[in-house]
1. Using only the alpha-carbon atoms of the range 46-115 as identical scatterers, what base-10 log of I(q)/I(0) does the Debye formula give at q = 0.14, 0.22, 0.23 Å⁻¹?
2. In terms of modelled amide H atoms, which long-range or inter-chain residues lie less than 5 Å from the amide H of Y346?
3. Can you tell me the equivalent ellipsoid semi-axes for the range 128-184? Use √(5λ) from the Cα gyration tensor, largest first, whole Å.
4. Spin-label point model (7 Å from Cα, Cβ direction): what's the M339 to V114 distance in nm?
5. Per residue of the chain, what 222 nm ellipticity follows from adding -39500 (n - 2.57) for every DSSP H run with n ≥ 4, rounded to the nearest 500?
6. Is the shape of the chain best called rounded, prolate or oblate, per the rule: a/c under 1.5 gives rounded, else a/b larger than b/c gives prolate, else oblate, with a ≥ b ≥ c the square roots of the Cα gyration tensor eigenvalues?
7. Label V70 and S145 with points 7 Å out from Cα along Cα→Cβ: what is the distance between them in nm?
8. Tell me the relative contact order for the range 230-337 as a rounded percent, counting alpha carbon contacts under 8 Å between residues six or more apart.
Amino acid sequence: MKKLMFSAMDFWAFIFCLLVAVLYAVLYGKRNRLHQYIALFSACVAGILLSDCLAWFFRGADNMLVILKVSNFFSFFFSYLVSIPFVLYIYGAADKKPGPGAWVVFSCLFASFVLLCVSQWNGLLYYFDADNLYHRNNRWYWLVSFFYVIENITMFIILFVHRKRIVKGRFYGILIILLFPLLTVIIQTFIYGYSLATTMATLEVLLFLIQLLYTLKVYAARQTINGDEEIRLQTFGDFQLFIGSKPVSFHYSKTNELLAILTDRRGAYCSNAMLCSLLWEDDFDSDKNAYLRKLRQDLFDTLSTYGKKDIILHRRGEMALNAEKVHCDYYDFLAKKSMDSYMGEYMRQYSWAEDTNAFLSQENAKKY
């Protein structure tokens, strides 16, 4: 009864994780590298669950030793493999290429895999008795736990080193997902009987599903906006983008500033070097080029959900605002359509806008 209950739980959890993997792959996989990693992560968890399901179902069955060995092998194998897309997801969320931390994780995975292979002959990690029942070898099993803890600590370090480059909500999501397996491996080093790891892994996939549903909800809400709604750029006072009467927000505050710079340039193309110098002034370094790509993608993605991506023009190393497709109080002032709208403040949250503000003050003084 016990093994049927656990195998049924694993089977339905497998179906759930497989569906999440397919959803991410079909809906966003081709367009978004992070979602590709989530799809691979969910597929690996599905592999763990299916293997564990078979291991429970055939546990203690006569003449099923080969299936038991194969299912337990792949249960361990997929539990190691799942760390690869996850560590790549952390680096991708920070818009960084995999660094030394990734190689530490990969090395631990390789060491664990070697131990798993060796265990198939000498029972180093686990073995089966005469009744085809699985038993863990407590004398050496701690080695697997040791490498797993090293992996997770390394991923914690990677996450905290790059925390400022990761969207806050995504950062906390990754943090929670890292805590689950770390607590599990510590608990199951001393206690085992049911694979708590499969439950925790399913919860991790559930968190990714919640993230996907939230993204779809936001997308649907934005799509309710009429495609013919006016795009309005408010520059007097604080800078803000409006579509219809609704203010538009971005994942990163710097994305709003990027759009403000393009607005200030009135349709002229801006090079990446110019954008970086204005966005970060004296704090510029080589990493900022990668950050700028992240801001550009955020700008395109957000505008695309409203069907307004065409207001941005781009070519290699440059981008510009399509000034003909927007309504802007600054442009109206220059065209002398609305001379009373300027009250002495222009994009007041950005220091680089002071020169334009001085020019507007001079133009405004000519009225009198």
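The values are calculated or read from the model by the stated rules, or taken from the named source; none is laboratory data. Please read these numbers as outputs of a predicted model, since none were measured by experiment. Positions of Cβ are generated from backbone atoms using ideal geometry, with glycine treated the same way; all protein chains shown enter the neighbour counts. The accessibility values were calculated without ligands, DNA or RNA, using every heavy atom of the protein model including side chains. Shrake-Rupley method; radii C 1.70, N 1.55, O 1.52, S 1.80 Å.
1. Values returned for q = 0.14, 0.22, 0.23 Å⁻¹ are -0.54, -0.89, -0.93.
2. G237
3. Working: eigenvalues 241, 31, 7 Å².
In descending order the semi-axes read 35, 12, 6 Å.
4. 8.1 nm
5. Details: 13 runs with 231 residues, N = 368.
Calculated at 222 nm, the ellipticity per residue is -21000 deg cm²/dmol.
6. Working: a/c = 3.91, a/b = 2.65, b/c = 1.48.
Prolate, because a/c is 1.5 or more and a/b exceeds b/c.
7. Result: 3.1 nm between the two label points.
8. Values: 126 pairs, mean separation 37.5, N = 108.
Over the range 230-337, the number comes to 35 percent.
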